[in-house]
Amino acid sequence: MSDQTLRCPACATDLAPNLLTCPKCRRLVHSERLKALADTATQAASPVDALVAWREAFELLPPGTRQYDTIQAKITELGKVVDTLPSPPPSSTAEKANGAGVGRAAGLGAIGLILWKFKAILLLSFTKWKVLLLGLTKASTFTSMMLSFGVYWTMFGWPLALGLVISIYIHEMGHVVTLMRYGVKATAPMFIPGLGAVIRLRQSLGDPRQDARCGLAGPVWGLGAALGSYLLNLATGLPIFLAIANLGAFINLFNLLPFGSLDGGRAFQSMSTNQRWLAVLGLSAIMSMCEGKETSGLLTLLMIGGVFTAVTGKAPKTGDRPGFIAYLVLVTVLTLMLEHLTPMPQA
Ligand SMILES: [Zn+2]
Ligand SMILES: [Zn+2]
């Protein structure tokens, strides 16, 4: 890096390290790299690989240039292509296994087929688990997770602390898997005791719709974890699973606050002004059904945030409808969970 960064290849002007354009001759500092990245992107085998290359190029272009706008459009376009893909790689291998199995099971009759389906489901859940364990190989994630576990242990006792840490982890992996799907470079999740966990993006997403999908994926997976814990409570009768489901639902609803870089804030960024007002209206309807003080308090905060974003925020002309719907569905289901699952008295 040190041998050629400081001089413009065209006019030999000395360049400050972060400049993207030469101040004297206006040449793009990274034009060689940009050309290579464009080649990589156009020859990429999958839309995700193309996205990875375009995103790197996007970082090397100054905003306001024609190339910047062109690449931003490509990122948006490819994001839509990725959305139409059936599923990320891990589950597609499971599908393949499933498809191959149907022929083999044909001679076995109905029971054989059911057994085979059962095996396919087991296989599918196993591959999902493999994705889930992905983040744990990072030392920073594992260490900060253990530290958080210790802090929560002193607050809630170990069973609830363990459930809480796993719930947060699943929420974060929702973000990670979606970011990977859109070819975005990000850090592994880092736990912050008492505050949940964060993932730092190494690149801007360049598209509010994709940013909203990545943001909402956390609460979607988090809701899945809370529902799973609720099912475990139904199956075992152990009250601890109800407490985990309840706390998980609360944390995920909190993350849907439409402020800044919170998951809800990212979802609101992709909504049009009309959608933002409709979301506020929806939130007030959900709140009118609430009886619990904590839930309606949190929903009031969500509404205040929604009004604030609708009044002050810069909104895209055409809003992201699936994101808007997903946001309201998430808030509704999480609120219903909080309202109807009475937590056990904490030990
Ligand atoms: Zn120059
Ligand atoms: Zn999140």
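The values are calculated or read from the model by the stated rules, or taken from the named source; none is laboratory data. Fair warning: this is a prediction, and the values are worked out from it, not measured in the lab. As a convention, Cβ positions derive from the backbone with ideal geometry for all residues, glycine included, and neighbour counts pool all protein chains shown.
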LEU227 being assigned by TED's automatic domain parsing to the domain that holds GLY323, closer than 20 Å to LEU328 by Cα and either touching a Ser or Thr at 6+ places or on another chain (Cβ under 9 Å) or outside any helix (DSSP H, G or I) (or both): no
Where residues in region 186-234 are under 13 Å from ILE168 (Cβ atoms) and of a type in the set (Val, Ile, Thr), which of them is nearest to ligand 1 (Cβ to nearest atom)? ILE199
Can you pull out every residue in region 245-286 that is near ligand 2 (Cβ under 10 Å from one of its atoms) and of a type in the set (Lys, Arg)? ARG266
Pull up region 204-217, narrow it to residues that are crowded, with 20+ Cβ neighbours inside 10 Å and at pLDDT below 90, then point me to the one that is nearest to ligand 2 (Cβ to nearest atom). LEU205
So for region 286-298 (the condition being surrounded by 17 or more Cβ atoms within 10 Å (Cβ to Cβ) and outside any helix (DSSP H, G or I)), does at least one residue qualify? yes
Go through region 189-203 and give me each residue that's more than 10 Å from ligand 2 (Cβ to nearest atom) and surrounded by fewer than 20 Cβ atoms within 10 Å (Cβ to Cβ). MET190, ILE192, PRO193, GLY194, LEU195, ARG200, LEU201, ARG202, GLN203
Over region 6-31, the set of residues more than 8 Å from ligand 1 (Cβ to nearest atom), more than 14 Å from GLN67 (Cα to Cα), at pLDDT 85 or above and not hydrophobic (A, V, I, L, M, F, W, C) is ASP14
Residue set SER270, SER288, SER261, SER296; condition in contact with a Cys (Cβ under 7 Å, 6 or more places away or on another chain) and of a type outside the set (Lys, Arg); output residue SER296
I'd like the full set of residues that are exposed (fewer than 15 other Cβ atoms within 10 Å of the Cβ) and modelled with pLDDT of 90 or more, limited to region 316-332. ARG321, PRO322, ILE325, VAL329
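Within region 42-71, restricting attention to residues that are assigned to a helix (DSSP H, G or I) and farther than 16 Å from LYS185 by Cα, which residue is nearest to the chain's Cα centre (by Cα)?
Across region 42-71, the extreme among qualifying residues is ILE71.
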Checking the structure you have, find out if any residue of region 194-203 is more than 30 Å from ILE75 (Cβ to Cβ) and modelled with pLDDT under 90. yes
For region 151-163, how many residues are over 10 Å from LEU247 (Cβ atoms) and either at pLDDT below 90 or more than 26 Å from the chain's Cα centre (by Cα) (or both)? 6
Testing MET337 on (1) surrounded by 16 or more Cβ atoms within 10 Å (Cβ to Cβ); (2) farther than 30 Å from PRO159 by Cβ, one condition comes back false. Which one is that? (2)
How many residues does region 244-265 contain that are surrounded by 24 or more Cβ atoms within 10 Å (Cβ to Cβ) and assigned to a helix (DSSP H, G or I)? 8
